[in-house]
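Right, one structure below, let's go through it.
The values are calculated or read from the model by the stated rules, or taken from the named source; none is laboratory data. None of these values were measured; they are calculated from a predicted model. We place every Cβ from the backbone using ideal geometry, glycine too, and count neighbours over all the protein chains shown. The accessibility values were calculated without ligands, DNA or RNA, using every heavy atom of the protein model including side chains. Shrake-Rupley method; radii C 1.70, N 1.55, O 1.52, S 1.80 Å.
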Amino acid sequence: MEISNMEWPAYLDEYEKLVFRMTTPRVMIDNAGCSNSTRVMIDSARKHGILLEAVQVLTDLNLSIKKAYISSDGRWFMDVFHVTDLDGNKLTDESVISYIEQSLGTIHYASAKCIDGLTALELTGTDRIGLLSEVFAVLSELECNVVEAKVWTHNGRIASLIYVKERDSGSPIEDSEKIDTIEARLRNVLKGDNDIRSAKTSVSMAVTHTERRLHQMMFTDRDYERKPIIRTNDNPIVSVLNCLEKGYSVINIHCKDRPKLLFDIVCTMTDMQYVVFHATLNTAGDRVHSEFFIRHTDGSPISSDAEKQRVILCLQAAIERRASEGVRLELCTGDKQGLLADVTRTFRENGLNVTRAEISTTSDNTALNVFYVTDAIGNPADSKIIDAVRMKIGLSDLKVKELPSIYHQKAEENDEPTGGVGGAMLLSLGSIVRKNLYNLGLIKSFS
């Protein structure tokens, strides 16, 4: 997005034009500089949260960030992202490229995604097999249509953000008595037999980014302090050191690559009131190594061992919450009254636990739902049980899906630069960021 190509409104004087140039991010997107990724460069005035906003734009498009160089210098910052689609291809759709340019170019003024005409239900509590079926059964009984929902589980806890409307009128739920009834009924479901204190429900008309809100809900629920139900050999490795001569705390993260990983990390740091000044991220095969140089919003580094441990636990939790545990099942069928209650009841009756879910409804009233399921204790579900569930719900409606192919590939080749004027220009801009990191002693090489 080139400001110089814009036609200025007649009422703007030269000072106002200068202010606009200084506060509007410059965005460059290049497909010529690398053989196997698209480079996205953002050059902008720095403000708290702008990195998260930029990463959010890319991840909301389901793009995979394979490399990143992030650098803030004074009041300015520069980001370079190497991105692909989920199949590992460069971005070639001009409408997608144009949308990225427009969205990143206005992130200083961006607002949260608005889901008009819906009521948001926030639920947190102790996870258990069959919990979702009870939740959706209550909503169906109270004549609430579920239009969209996301459910995460971690360390025995569950957080869900469910968007509903009145079944008959299609309007948001505004009747205070009905709202009180919904909250009370759902709170009783969440309490079960042993979660009297920590089960929480709330109804909101507020606009927020769904996945950021889920992180905030689980953080408030302190899921990071609880012991995992099942330990694996592939837990994220997080370390925190202080670089006192530079005044930064340095966070290193090694973990498995997956969609939206960088968003989850940056989101958590931002909501914990840390600022990322410099960072690098590199993927090799299905592994990611990232390094972040951070300070508190007040400018100080992490000051105690207790705080270091808390940061480690919170970042590990942020990475694990969205981990794809279990068999991925995709449901595509015409939406109807009680659909979610029926489907999740079938899961419960066959001993399947839903570890994560994404519910959506298209404009033509088609339900597009994704469920990750395990057995009752978190182990992989038996294939015969999955087959029985599919027979019950409908073989053509409920299908077993693999993760996108990019997450099953062997070690990738390095991003090799290719020719082209655009590529050379973006390569130069990317080199500025890496050189800045190198001069600060934050990376070993910028070549």
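Filter the stretch 151-191 down to the residues that are of a type in the set (S, T, Y), within 30 Å of E320 (Cβ to Cβ) and assigned to a helix (DSSP H, G or I) and list them by number.
Of everything in the stretch 151-191, nothing turns out to be of a type in the set (S, T, Y), within 30 Å of E320 (Cβ to Cβ) and assigned to a helix (DSSP H, G or I).
So N379 clears everything in (1) open to solvent by 80 Å² or more (accessible area, probe 1.4 Å); (2) not in a strand (DSSP E or B) except one condition, right? Which one?
(1)
Take the stretch 253-303 and flag every residue that is more than 18 Å from I70 (Cα to Cα) and among the acidic types (D, E).
Scanning the stretch 253-303 gives D257, D271, D286, D298.
Just to be sure I understand the filter: pairs with C-beta atoms under 9 Å, separated by 6 or more residues or on different chains, first member in the stretch 284-306 and among the hydroxyl-bearing types (S, T, Y), second member open to solvent by 50 Å² or more (accessible area, probe 1.4 Å). Which pairs pass?
S290/H254; S290/N282; T297/H48; T297/Q273; S303/N242
Does T23 qualify as being β-branched (V, I, T) and either modelled with pLDDT of 90 or more or closer than 22 Å to H209 by Cβ (or both)?
no
Kindly provide the set of residues from the stretch 73-113 that are assigned to a loop (DSSP other than H, G, I, E, B), farther than 13 Å from D43 by Cβ, out of contact with any Pro (no Cβ under 9 Å at 6 or more places or on another chain) and at pLDDT below 80, ordered by number.
G74, A110, S111, A112, K113
Does R75 fit the bill of being basic (K, R) and under 30 Å from H254 (Cβ atoms)?
The answer is no for R75.
Go through the stretch 25-50 and report how many residues are open to solvent by less than 20 Å² (accessible area, probe 1.4 Å), in contact with a Leu (Cβ under 8 Å, 6 or more places away or on another chain) and of a type in the set (S, T, N, Q).
Number of matching residues: 1.
Given the options A317, A367, name the one that is among the aliphatic types (A, V, I, L, M) and farther than 30 Å from S290 by Cβ.
Residue meeting the stated conditions: A367.
Here are some residues: F347, F371. Which one is closer than 24 Å to V138 by Cα, open to solvent by less than 20 Å² (accessible area, probe 1.4 Å) and either under 25 Å from the mean Cα position of the chain (by Cα) or hydroxyl-bearing (S, T, Y) (or both)?
F371
Looking at the stretch 168-181 only, could you name the residues that are surrounded by 15 or more Cβ atoms within 10 Å (Cβ to Cβ) and over 11 Å from L121 (Cα atoms)?
Residues satisfying the conditions are P172, K178.
Could you identify the single residue in L403, L429, L352, L437 that is among the hydrophobic types (A, V, I, L, M, F, W, C) and at pLDDT 95 or above?
L352
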